[in-house]
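See structure below.
Just so you know, all these numbers are worked out from the coordinates, no wet-lab data involved. Just so it is clear, the model here is predicted, and its values are computed rather than measured. Neighbour counts are summed over all protein chains in view; Cβ atoms, including those assigned to glycine, are modelled from backbone coordinates with ideal geometry.
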Amino acid sequence: MRTRLYRNGRLEKEGFPVAEVSDYVADRQNVVWFDLCSPTAAELAVVGEELGLHELAVEDVHNDHQRPKIDIYDNHLFITVYAARLDGEDVDLDEVDVFVTANALVTVRQSDHFDIHEVLRRWDSAPHLAGYGVAFLLHGLLDYVADGHLTVAQGLDTQAEALEDALFDEGPADSRELQRRMYGLRKATVTFRKITMPMREIMGTLRRDQELVAEPKMDPYFEDVYDHVLRTTEWVESLRDLLANMRETRLAQQGFRLNEIMKRLTGWAAIIAVPTAITGFYGQNVPYPGEGEPWGFWMSLLLVAVASVALYAAFKKKDWL
């Protein structure tokens, strides 16, 4: 467990037991933060009792894969967000639940993959904001999450641009790999969209209802986070449209290639059909010009050659072969 105590805008104490939280929270001059990683039900029960958290909010922590949201209770807020990072072609998500009271902030991480040290670094790099209490702590956390989303969106966009270029440069052997990459990128974008779209609602609620985070001087900082959230959601929507257009282009390319193949097959079939007709004509069991004569054979051979070359030239001129 990580714990911090701020008093009058200064970091006073770190690493104290959670059992002491209720004593510090009783003094309104204090601001307390502590972090739990994969806590047990008993540990959460202690925290809920220390801070007077609503039982439904505590229960939501145990329910995996919660939708990003903000719930408003009588004496605290409950916020669920997801940090995201790009691992190759996959988007890895780390859930973090946040309890916000008048002078305490509790972060509950589902795994240690969430980089809580980066959040601490952001808090420590802005000591001039520490006097704004819980609003300062909440801003640092949400700013880290929003910046991570923006980085992932940029990475997905770079992959989409590379995939778009490969769409017109691929060879026959690359078709299956290109299709796999398109499917993987589309799947990653859909997963990422599920956690970024609700962030607008979370930040919008914090901006509209000033009483939730009662520190007007922090409004510009929350506006900055909201701007990052909007940029991310707009980026994801444009990526979604781009991938849809790429899929349609891919299908159109396959249709064009199929038409080219059919034209070539039709052309060669027509070329082969003429010799077949001529040789079939000369193979019938009725008298015909040149029957039994050498010149009849040479005339049929000449007709086959002339007709085949003429058809080949005609189809080649029309770009069928």
- Task: Would you calculate the separation in nanometres between label points at Arg28 and Trp298, each defined as 7 Å from the Cα along the Cα-to-beta-carbon direction?
- Result: 11.9 nm
- Note on the structure: The extension gain from Lys318 to Ala273, computed as 0.36 nm times the residue separation minus the Cα-Cα distance, is 14.3 nm
- Task: Scan (i) 1.09; (ii) 1.27; (iii) 1.41 for the value of Rg/Rh (Cα atoms, Kirkwood Rh) calculated from this model and give just the label.
- Result: (iii)
- Along the charge dipole of region 2-253, Cβ charges K/R +1 and D/E -1, which of Leu167, His228, Leu206 sits furthest on the positive end? Leu167
- Quote to one decimal, in nm, the extra length available between Ile72 and Thr151 on full extension: 0.36 nm per residue of separation minus the C-alpha distance between them. 25.5 nm
- Quick one: if you stick a label point 7 Å off each Cα along the C-beta vector at His113 and Ala41, how many nm between them? 2.6 nm
- Magnitude of the Cβ-charge dipole (Lys and Arg +1, Asp and Glu -1) of the chain about the Cα centre, nearest 20 debye, reported as 1740 debye
- Query: What FRET efficiency would be calculated for the residue pair Arg257, Asp227, taking the C-beta separation as r and a Förster radius of 41 Å, to the nearest 0.05?
  - Reply: 0.40
- Sequence-separation-based contact order of region 2-253, relative, with Cα cut under 8 Å and 6+ spacing, percent: 18 percent
